[in-house]
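Notes follow the structure.
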Amino acid sequence: MVINIHKGYYSLFITVLIFLLYGNINVDAQDSSYTKPPVTASYKEYRKQAEKDSLKKMVELKTLIHGIRYDLRYATTNNFMNRLMYPKNTAVTFLRLPAVKALSNVQAELNTQGMGLKIFDAYRPYSVTVKFWELVKDERYVAHPAKGSGHNRGIAVDLTIINLATGKELEMGTGFDNFSDTAHHSFTNLPAGVLKNRTLLRSLMEKNGFRIYPEEWWHYSLPDAAKYEILDLEFRKLKRAS
């Protein structure tokens, strides 16, 4: 794996390192320097929105995508925060209906080649985005709480491709949540096989309506984010209705 860390990222790494070593950063504190956007935190209100527009329905991915695999990092400590961000052992994840249908098409095409999708993260409650921001105040890698994110709106997904026969991930040059230039779509100083794998993922995602995030090869989202409300709903409540 080729690593080329830009000087501008040093402060980010130092902040994370201090947190991991000393654990004295209060990620539950509220940053009062921004205005909180409208957030749907009531399940009843979400249901009204989904009943009015069926495309806003949140769907558990496995209900429509056969054979899709999960590695939900924020339900474990295997993530850049080094701590649980979701309830422990969370085994479900959601996206809005159009995003799930689009991913289903990607999965179907990969299956014809003996491959499939693995999901690292999809829907992310707004309150978790706030906690991310308290640690990493860098909009290249975490959404500003004043805006919310595609994950909060249920239209963004972090994923990779796996070999179905072995279950192994295709080599993409870096792992998930890698804060280096190497993770950028524009970074091409990589082995030909890695570039081919990234191109495969990107081409299939874009073919089905998703857009890239330039700094992260694993992150894709649907356009027109403003059409979807920012949600702060618990996974268990969404699961109960799925």
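What follows draws every value from the coordinates through simple rules; no lab data is involved. If you're wondering where the values come from, they're calculated on a predicted model, not measured in any experiment. Here the Cβ positions follow ideal geometry from the backbone for every residue, glycine too, while neighbour counts run over all protein chains shown.
Could you tell me the number of lysine pairs in the stretch 91-230 with C-alpha atoms less than 18 Å from each other, where the two lysines are 8 or more residues apart or belong to different chains?
10
Pull out a ≥ b ≥ c, the square roots of the eigenvalues of the alpha-carbon gyration tensor of the chain, then state rounded if a/c is under 1.5, prolate if not and a/b is larger than b/c, and oblate in the remaining case.
Numbers: a/c = 1.65, a/b = 1.03, b/c = 1.60.
Oblate.
In the neighborhood of LEU170, defined by Cβ-to-Cβ distances under 10 Å, what is the net charge if each Lys or Arg adds +1 and each Asp or Glu adds -1? Write down the numbers at each step before the final one.
Working: positive: LYS118, LYS168, LYS196, ARG198; negative: GLU169, GLU171.
Cβ neighbours under 10 Å give a net charge of +2.
Please arrange LEU164, LEU95 by counting, for each residue, the other beta carbons lying within 10 Å of its beta carbon, fewest first. List each step's numbers first, then the result.
Values: LEU164 15, LEU95 29.
In increasing order of surrounding Cβ atoms, one gets LEU164, LEU95.
Please sort by residue number the GluC sites (Glu not before Pro) in the stretch 128-202 whose DSSP state is loop and whose Cβ has at most 16 other Cβ atoms within 10 Å.
Details: sites: GLU134, GLU139, GLU169, GLU171; in loops: GLU139, GLU171.
Within the stretch 128-202, the qualifying GluC sites (Glu not before Pro) (loop, at most 16 other Cβ atoms within 10 Å) are GLU139, GLU171.
What shape does the stretch 46-130 have by the C-alpha gyration tensor, where a ≥ b ≥ c are the square roots of the eigenvalues, rounded means a/c under 1.5, and otherwise prolate means a/b greater than b/c and oblate the rest?
Working: a/c = 2.61, a/b = 1.09, b/c = 2.39.
Oblate shape, in that a/c is at least 1.5 and b/c is the bigger or equal ratio.
Can you give me the long-range amide H partners of GLU216? Hydrogens built in the peptide plane at 1.01 Å from N, cutoff under 5 Å, separation of 5 or more residues or another chain.
Residues meeting the criterion, in which the H sits 1.01 Å from N, are HIS185.
Does the stretch 100-242 come out rounded, prolate or oblate by the C-alpha gyration tensor, with a ≥ b ≥ c the root eigenvalues, rounded set by a/c under 1.5 and, if not, prolate when a/b is larger than b/c and oblate if not?
On the way: a/c = 1.92, a/b = 1.31, b/c = 1.46.
In terms of gyration-tensor shape, oblate.
At 222 nm, what value in deg cm²/dmol follows for the chain if DSSP H runs of at least 4 each add -39500 (n - 2.57) and the sum is divided by all its residues, to the nearest 500?
Numbers: 7 runs with 75 residues, N = 242.
Theoretical 222 nm ellipticity from helices: -9500 deg cm²/dmol.
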